[in-house]
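The values are calculated or read from the model by the stated rules, or taken from the named source; none is laboratory data. Everything quoted here is computed from the prediction, not taken from an experiment. Neighbour counts are summed over all protein chains in view; Cβ atoms, including those assigned to glycine, are modelled from backbone coordinates with ideal geometry.
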Amino acid sequence: MSTPSHPQPPPMRIPWTAVGETASPEDLATLVRFLLPPAAGHQAEYEAAAARLEAALAELAAHATAPAQLTLGPHVRRLEAEARRLFGVRHACFLTNATAGLEIAHQLIGLQPGDEVIVPPLTFIATMAYPLGVGAKVVFADVDPHTLNLDPADVERKLTPRTRAVIPVHLGGWPVAMAPLMELSRRHGFYVIEDAAHAIGGRYQGRPLGTIGHFGAFSFHQVKNITSFGEGGLLLSNEAVAAQFPQARYLGIDPARQAAGWIYDVTGVTSLRGHAVQPGNHSATEIAALGLLCQLERLPAILARRRAMAARLTRRLGGVPGLRPQRLDTADCQGTFMVYQIQVEPDVLGQDVQALKRKLTARGIAQIPQYVPLYHYEILRRLGYDAAAAAAACPVAEEAYRHRFTHLPLGGLTDAQLDTMAEAVLDAVAEMKAGR
């Protein structure tokens, strides 16, 4: 008995392509000019080189075809596979930014209105944005006076039966004391979501930052040690619930299922509490993934240079009474030195960090503005938070912000510039001691 044959569909006379409009040679030339603007005094040489590049791009385009995908394609998948390998985790998700990673982590643990989330005051607004947005209560725990990172002892004091998550922030890339925090998590049953926005490449007790908590989110914004061409984020986890990262990133779409004859179904994600969640759209581009893959290869060299720069400054500034320079790596803690943290002791110098900042500005030394404690933002007052009570509950953070600490830049500086900056700090401190 013969098997019925099925007619094959005819070849498509009118094809459908996934990329509506690809980049032209002119687009690429404009992009190169943006990424590599002319140096001062080199305009003529720059324009000659740019003309040669534009001619080469036009020739290349004559032998090229359009890319098959511009978003969530093979380079995103390759980046995620590389992240799983580098960090030794089961799940990795490349996203538009670290804020999206924190959002997804909160969704997967099932954060709900009335839950409490403990955060440090000295951090970017993204650390508490999602909890505020869903009606959870943000609780501020104070910071360690030396590292300005979340203090596990104060976290323990502020735990309640409603605590669902704690968000340690590795400020400036310096590791939070994660061991006591994870011990608290085991005893009290809350989730730890590492805000590792500053911390790619840092380690704590031999483990990569971002892999110690239940979730960890990195940022590749333009100011970070490595970037994905302006914005980008990476979310890591070993939790089984993180198998839903692809749906959590892209509107809950599940292409393995179809709905009523349509090409996909929308399943959402299921939180650890068993609730269905409809996530947002945080799709990442192939270009951003390519940029990050390239820069990940350079990360060890980038961190080595930053560590050397921090060590050079600390050698110059260490041992000065009234001055606390940036801590350097130990056997247990390896930072990323995204910035150089410095503190003063007003009772020794007779003046506080505001005076130091004015004196450094007068000497042409930039200082990176440090975070205002989160409880001072207007949005919290509008949501009913008491800024004065929060400040009273976080005296170390409040004192450090107002009187003790600032950040100095490291990225792109030469040894001569580092020495100039160190001399400016030393001169300013000497003036402060002299009452000038």
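Just a few scattered comments:
- Cβ-Cβ under 9 Å pairs, at least 6 apart or on other chains, the range 7-22 side closer than 15 Å to Gly73 by Cβ, far side surrounded by fewer than 10 Cβ atoms within 10 Å (Cβ to Cβ): Thr22/Thr65
- Sole residue being outside the structural domain of Leu150 (by TED's automatic domain parsing) and under 13 Å from Val344 (Cβ atoms), chosen from Thr420, Thr414, Thr406: Thr406
- Any chance Thr336 is in a helix (DSSP H, G or I), modelled with pLDDT of 95 or more and buried (at least 17 other Cβ atoms within 10 Å of the Cβ): no
- Screening Pro175, Pro145 for residues that are crowded, with 22+ Cβ neighbours inside 10 Å, touching a residue at least 60 places away in the same chain (Cβ under 8 Å) and over 21 Å from Phe245 (Cβ atoms) leaves exactly one candidate, Pro175.
- Residue within the range 387-394 that is within 21 Å of the chain's Cα centre (by Cα), outside the structural domain of Asn225 (by TED's automatic domain parsing) and either at pLDDT below 95 or not hydroxyl-bearing (Ser, Thr, Tyr) (or both) present: no
- Residue list for the range 30-49, filter: under 20 Å from Phe229 (Cβ atoms) and either surrounded by 10 or more Cβ atoms within 10 Å (Cβ to Cβ) or assigned by TED's automatic domain parsing to the domain that holds Phe229 (or both): Thr30, Leu31, Val32, Arg33, Leu36, Pro38
- Taking helices (runs of 4 or more DSSP H) as the structural unit, no element lying wholly within the range 378-419 holds at least 2 residues that are closer than 21 Å to Leu323 by Cβ, without any contact (Cβ under 8 Å) to a residue 12 or more places away in the chain and hydroxyl-bearing (Ser, Thr, Tyr).
- Any hit, the range 183-194, residues being outside any loop (DSSP other than H, G, I, E, B), at pLDDT below 95 and either of a type in the set (Asp, Glu) or crowded, with 24+ Cβ neighbours inside 10 Å (or both): no
- When Pro180 is tested against (1) surrounded by 24 or more Cβ atoms within 10 Å (Cβ to Cβ); (2) touching a Pro at 6+ places or on another chain (Cβ under 6 Å), only condition (1) is not met.
- A single member of Asp254, Asp265 is charged (D, E, K, R), buried (at least 16 other Cβ atoms within 10 Å of the Cβ), assigned by TED's automatic domain parsing to the domain that holds Arg207 and free of Cβ contacts under 8 Å to residues at least 40 places away in the same chain, and it is Asp254.
- Residue match in the range 156-165 (condition: closer than 23 Å to Glu80 by Cα and hydrophobic (A, V, I, L, M, F, W, C)): no
- Some residue of the range 405-412 being more than 18 Å from Phe337 (Cβ to Cβ) and not β-branched (Val, Ile, Thr): no
- Test result for Gly210, buried (at least 23 other Cβ atoms within 10 Å of the Cβ) and in a loop (DSSP other than H, G, I, E, B): yes
- A count restricted to the range 361-383 and to residues that are out of contact with any helix residue (DSSP H, G or I) (no Cβ under 6 Å at 6 or more places or on another chain), modelled with pLDDT under 95 and crowded, with 18+ Cβ neighbours inside 10 Å stands at 2.
- Scanning the range 90-140 for residues that are outside any loop (DSSP other than H, G, I, E, B), surrounded by fewer than 24 Cβ atoms within 10 Å (Cβ to Cβ) and of a type in the set (D, E, K, R) yields Glu116, Lys137.
- Filter pass, Gly172 being at positive phi and assigned to a helix (DSSP H, G or I): yes
- Taking the criterion of being farther than 27 Å from Ala165 by Cβ and in contact with a helix residue (DSSP H, G or I) (Cβ under 9 Å, 6 or more places away or on another chain), the residues of the range 258-291 that qualify are Thr285, Glu286, Ile287, Ala288, Ala289, Leu290.
- Residues satisfying the stated conditions in the range 273-288, i.e. under 18 Å from Pro113 (Cβ atoms) and either surrounded by 16 or more Cβ atoms within 10 Å (Cβ to Cβ) or in contact with a Pro (Cβ under 9 Å, 6 or more places away or on another chain) (or both): Val277, Pro279
- Residues that are outside any helix (DSSP H, G or I) and of a type in the set (A, V, I, L, M, F, W, C), drawn from the range 51-82: Ala62, Ala64, Ala66, Ala68, Leu70, Leu72
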